[in-house]
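Student: Submitted below is the structure of interest, expressed as structure tokens.
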Amino acid sequence: MSEAGVTREGLTGRRPGREARFGNGMNGPAGRHRRPEGREGERRGGGARAEVVPPAAFASYYGRPVIKPPSWEAPDIAGYLFLGGLAGAGSVLAAGAELTRRPATARAMKLSSLTAVSLSAAALIHDLGRPERFLHMLRVLKPTSPMSVGSWLLAGYGPLAGAAALSDLTGLLPRAGRAATCAAAAFGPAVAAYTGALLSDTAVPAWHEGHRAMPYLFTASAATAAAGMALLAGPLAENRPARRVAALGAAAELAAARTLRRQAGRAAETYERGAAGRLMRLAEGLGLAGAAGAALLGGRARPAAALAGAALLAASACTRFGVFHAGLASARDPQYTVRPQRERLAAAG
């Protein structure tokens, strides 16, 4: 046994002799003929080497997210997504109602589109913090940036929606008002769909993995919302097109949501759990109930049409908020960032 001590000047005292062992103790006489544990494992396991190190479990650095979750607030950005879709699809219904001589529905949809796009812009500016930041985004047009294209779409669509609504309310310049209505309807589908491309262009797994289905989901959800607004605000005698759009929009939204979850892969779990899961299930239920109510009772009783319209509006809002919360949940959990990358590398290899 060694009685040496360690000091600042080095090792002092009695030092170990030849009988000292080092390493794994295999150099001495007692260990010279000892079989290593690995070979013993081979003998006991039929030739297969025993596992020494267990398979590595996934973990990130200190449990922190791999990517930085968006710092957006749900009332601002999710509300901006919903209101923008309602405005764009509403302008399409307004133009259709005006061209088919449904003036009350056309006026209601023009006013709702103007209100929705105004609130949508206000929510976006509130999230940006200062109004001039929105103006700074208009200093350049970058076709490869959904944010840049979307800013210019809002800048072009907003005045057209305002001109169409003011002309209808005041009765002034009817030809210019009709032209503005048709122009706003031309911008409408892009305004309704670009927010889906905007979310998909981020690194957030639940949004990016479903980038092919996201614009279709947002377009269908916008059509559902616009049909609900037409049923809620338009007269009973003019709501037949809105009832048809409600049925088509709700069915397309349900199909697109399921396609999105299928394409999202592992990140689809975030659409089925927590707040996002509750909102997505509520959207499905409200959409089906609203479409059924509009088809069966929406043409017979005004209260039934209004109730169906409110259900469709709520379904569209739940879809946007559900997608928003699913994205935040997938960004916070690092497994949804790393595991799909590893699976793609393994498949490519």
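The values are calculated or read from the model by the stated rules, or taken from the named source; none is laboratory data. Source: prediction; values computed, not measured. With ideal geometry, Cβ positions are generated from the backbone for all residues, glycine too; neighbour counts draw on all protein chains shown. Quick note on the areas: whole protein, heavy atoms, side chains included, nothing else; ligands and nucleic acids left out. Shrake-Rupley method; radii C 1.70, N 1.55, O 1.52, S 1.80 Å.
Student: Mind checking whether some residue in region 209-221 is modelled with pLDDT of 90 or more, touching a Leu at 6+ places or on another chain (Cβ under 7 Å), hydroxyl-bearing (Ser, Thr, Tyr) and surrounded by 24 or more Cβ atoms within 10 Å (Cβ to Cβ)?
Tutor: Checking region 209-221: not a single residue is modelled with pLDDT of 90 or more, touching a Leu at 6+ places or on another chain (Cβ under 7 Å), hydroxyl-bearing (Ser, Thr, Tyr) and surrounded by 24 or more Cβ atoms within 10 Å (Cβ to Cβ).
Student: Pairs please, first residue from region 304-329 and under 15 Å from Asp76 (Cα atoms), second anywhere and aromatic (Phe, Trp, Tyr) and open to solvent by 20 Å² or more (accessible area, probe 1.4 Å), Cβ atoms under 7 Å, 6+ apart in sequence or on different chains.
Tutor: Here the result reads Ala317/Phe82; Arg320/Phe82, each pair linking region 304-329 to a residue that is aromatic (Phe, Trp, Tyr) and open to solvent by 20 Å² or more (accessible area, probe 1.4 Å).
Student: Now for a different question. Anything in region 195-218 that is touching a residue at least 60 places away in the same chain (Cβ under 8 Å) and out of contact with any Phe, Trp or Tyr (no Cβ under 8 Å at 6 or more places or on another chain)? List them, or say none.
Tutor: Correct list: Thr202, Ala203, Val204, Trp207, Glu209, Leu217, Phe218.
Student: Which condition breaks for Ala97 when tested against (1) in contact (Cβ under 8 Å) with a residue 24 or more places away in the chain; (2) under 25 Å from the mean Cα position of the chain (by Cα)?
Tutor: Against the list (1) in contact (Cβ under 8 Å) with a residue 24 or more places away in the chain; (2) under 25 Å from the mean Cα position of the chain (by Cα), Ala97 comes up short only on (2).
Student: Can I ask one more? Check Gly156 against each of (1) within 30 Å of Gly234 (Cβ to Cβ); (2) open to solvent by 90 Å² or more (accessible area, probe 1.4 Å); (3) touching a residue at least 12 places away in the same chain (Cβ under 8 Å) and name the one condition it does not meet.
Tutor: The failed condition is (2).
Student: Just for helices (runs of 4 or more DSSP H) wholly inside region 241-349: which have at least 3 residues that are in contact with a Leu (Cβ under 7 Å, 6 or more places away or on another chain), surrounded by 17 or more Cβ atoms within 10 Å (Cβ to Cβ) and on the phi < 0 side of the Ramachandran plot?
Tutor: 274-296, 302-332
Student: So which residues in region 113-144 are of a type in the set (Gly, Ala, Ser) and either modelled with pLDDT under 85 or loosely packed, with under 12 Cβ neighbours inside 10 Å (or both), if there are any at all?
Tutor: Gly129
Student: Can you tell me which residue within region 160-174, out of those that are open to solvent by 80 Å² or more (accessible area, probe 1.4 Å) and without any contact (Cβ under 8 Å) to a residue 24 or more places away in the chain, is nearest to Leu114 (Cα to Cα)?
Tutor: Leu166
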